[in-house]
Amino acid sequence: MNSSQIKNKIKREEIHAKKRQDKTRRKMELRLRRRKEEAEDPFKKEERLAKNVPKTLENTREFDETIVEAEDTEVFEDETSDEFSSYFKEGISPKMLITTSKRPSKFAYEFASELIDVFPNSQFVKRGSKFSIKQIVEFCTNRSYTDVMIVNEDKKVPYAITLIHLPDGPTAYFKLSSIKLNHEIQGHGRSSCHKPELILNNFNTRLGHTIGRWLQALFPHIPEFQGRQVATFHNQRDFIFFRRHRYVFKNKEKAELQEIGPRFTLKLKWLQKGTFDKDGEYEWMFKPDLETSRRRFFL
Amino acid sequence: MKIFTGDEAGLIKSITISEKSKDNISSPIVKIWGKIDRSKSIQLMYYTANKKLVVARKNGQINIHDPNEGKMCQEFFETQVVGGHKSSARFHVGDVYRQGYRTSSATGTTLTLVPDLCRLRVHSKEHHIFACGGRERELSVWDINAYKEGTCFMKTQKEKESKAGLVWMSKNVSHDYLDLRVPVWITDLQFLNDQETTKLIRIYDTKVKRRPVSDFNIGDNPVVSLIVGRNSNEIFFTDTIGNVFSVDMRTGKILGQFKGFAGSVTSLAVATESSLLATVAMDRFLRIHEIGASRKLINKVYLKQRLTYMVVDESEGDNKQELEKYDSEEEKIWENMEEVKPKKRKTKH
């Protein structure tokens, strides 16, 4: 009989409590037994851990034919002549201009100043009210910049980044969220002017490859290892998380991390062929009807 | 059905799709011709009636391929096109198409033209007539037989008498409510005498007048390409953000939208017999939709490159016979059925 159907409240509670006690005891016994077995035979533990993989959205991802495989020569050959080949093949080091949208607030300036700290060889220029993005692109191309980054702001909060690669594009628009500046992070360190090492995670599809290559092309080719600084772009479910750390070797086995700000999260909204043009052709654009399932990712 | 696509890297891909049954899709067969070279990026393709594939490239090269094995039969080189002027490369396709069609040597008529032409199309039945238009270039229809040396395009009417070959030329619409000139930018045109500019589609009747017969403003984004559907009342057009709409030409209303595109659709084609719409897009996919009311996505193929142009060869493939067979079976069923005579209605008194 179902204990919940007992009408006497005291009796019902008694039986229910007993059931729960039984259940916890059984679980406890199982755990103890397992622990004993595994202490005798460590192989069993390994087996259990290998088997017990939780299902997440990432590992149950929908099949995507655009994921680039290691032996796909056509894509790699194509990439050798794409827009970023000047960085990878000819070894032209990046030079970036950072600016804001028109009439920015204090917060945009603060965030932009942190961005300058992140990207070596980048420069901040005040936007002013006169110049359009197309004009800025023209100026920067003449001054041999390789990238322009514009921090867009709405309601006094930076909410998007427009990134333009020069001279032939592409242009990308990222939604910007979860910004934490350096001083807001507990136990943060101070950055040094060394060129950081770079970690790029999970840029697997053809579109992801383009974004990954681009982010790589924003940093100088050879990092300065004595700085022990690492910048990370980690892609998970199409969100690109940026973090920056300094590593410290405590002893031979152990290394520790100290975070250097800022933290922020990017999400790609659109990618356009060529430099910024409202009427230009879009290579990829997020639309609600593309989001057919929670297990479909584009990067 | 066989589809040929051209892409930015200069590769030609031939895709054979058999759509016998629409439920279980057989995986398409993809063949790749050529090597990756961005300077040889494909601008335009044309499939001639005698089964040859004409390909125009960015560096001014124009190749004629055999559609079965991909061998190059003939090659032209237009030195004028070197420098990568997109519009001129596009223009020369119309020119060379005539050459390949009639003579085997590269001695066709040469047309000198003003830059900024975006699109030229040859009339589907009368091959000596073509139309062209571009940025700040009004739509004009030309007869190549009557053409003599000189500039192909002119701005003013006075020059018209000196230039032979011009059949018809459009006139810009009247000024807007602020009394400002309306800018012209023809990105694509189709014979049936309709043409289209940025953000709007205009239909011209060459017999009636030089201003458009109807003028529809559709969508917020510029139109990339357009095509006439199964009958002349239906147009399909694409814009820069990857929308594909079908439009009723009589009213100018959007009948429906095809879904599933992530990038701008650069080229589209209609397979009339099987009533399918094939599209290639910047997001590196070839997609095939049903044209009917459902507008369902039937098949999509990942082609690894940003695709620029496509042509469809309907004649090839086995689906035609299958369909006929199916039709005849169906007809038999209909024949065997008894005719139901309408009952006389009983009248009440």
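The values are calculated or read from the model by the stated rules, or taken from the named source; none is laboratory data. The model shown is predicted, which means the values in this text are computed figures rather than measured ones. In this analysis, Cβ positions are derived from the backbone assuming ideal geometry, glycine residues included, and neighbour counts consider all displayed protein chains. Accessible surface is based on the protein model in full, side chains and every heavy atom, while ligands, DNA and RNA are left aside. Shrake-Rupley method; radii C 1.70, N 1.55, O 1.52, S 1.80 Å.
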Here the residues within the range A:112-133 that are open to solvent by 60 Å² or more (accessible area, probe 1.4 Å), among the small types (Gly, Ala, Ser) and either in a helix (DSSP H, G or I) or touching a strand residue (DSSP E or B) at 6+ places or on another chain (Cβ under 9 Å) (or both) are A:113
Review point. Taking the stated definitions as given, is residue A:169 on the phi > 0 side of the Ramachandran plot, open to solvent by less than 20 Å² (accessible area, probe 1.4 Å) and out of contact with any His (no Cβ under 8 Å at 6 or more places or on another chain)?
Key: yes
Looking at the structure I just gave you, is residue A:208 closer than 16 Å to residue A:299 by Cα, touching a residue at least 12 places away in the same chain (Cβ under 8 Å), away from chain B (no Cβ under 14 Å) and surrounded by 19 or more Cβ atoms within 10 Å (Cβ to Cβ)?
no
So residue A:143, is it among the basic types (Lys, Arg), in the same structural domain as residue A:172 (by the TED database) and more than 28 Å from residue A:263 (Cβ to Cβ)
yes
Scanning the range A:69-83 for residues that are crowded, with 17+ Cβ neighbours inside 10 Å and assigned to a loop (DSSP other than H, G, I, E, B), the one nearest to the other protein chains (Cβ to nearest Cβ) turns out to be A:82
Listed by range, strands (runs of 3 or more DSSP E) wholly within the range B:246-301 having at least 3 residues that are at pLDDT 85 or above and under 19 Å from residue A:289 (Cα atoms) are B:254-258, B:276-281, B:285-290
When restricted to A:295, A:228, the only residue modelled with pLDDT under 95, open to solvent by 70 Å² or more (accessible area, probe 1.4 Å), not small (Gly, Ala, Ser) and not assigned by the TED database to the domain that holds residue A:82 is A:295
Contact list, first residue from the range A:236-253 and open to solvent by less than 90 Å² (accessible area, probe 1.4 Å), second anywhere and aromatic (Phe, Trp, Tyr) and in a loop (DSSP other than H, G, I, E, B), beta-carbon distance below 8 Å, six or more apart or interchain, is A:238/A:297; A:238/A:298
Heads up, the strands (runs of 3 or more DSSP E) in the range A:224-299 (entirely inside) with at least 2 residues that are within 14 Å of chain B (Cβ to nearest Cβ), hydroxyl-bearing (Ser, Thr, Tyr) and within 17 Å of residue A:64 (Cβ to Cβ) are none
Across the range A:136-188, the tally of residues that are assigned to a strand (DSSP E or B) and under 21 Å from the mean Cα position of the chain (by Cα) stands at 26
By residue number, the members of the range B:247-283 that are among the hydrophobic types (A, V, I, L, M, F, W, C), within 24 Å of residue B:313 (Cα to Cα) and more than 14 Å from every other protein chain (Cβ to nearest Cβ) are B:268, B:269, B:270, B:271, B:276, B:277, B:278
Does residue A:98 meet the test of being open to solvent by less than 70 Å² (accessible area, probe 1.4 Å) and in contact with a helix residue (DSSP H, G or I) (Cβ under 6 Å, 6 or more places away or on another chain)? yes
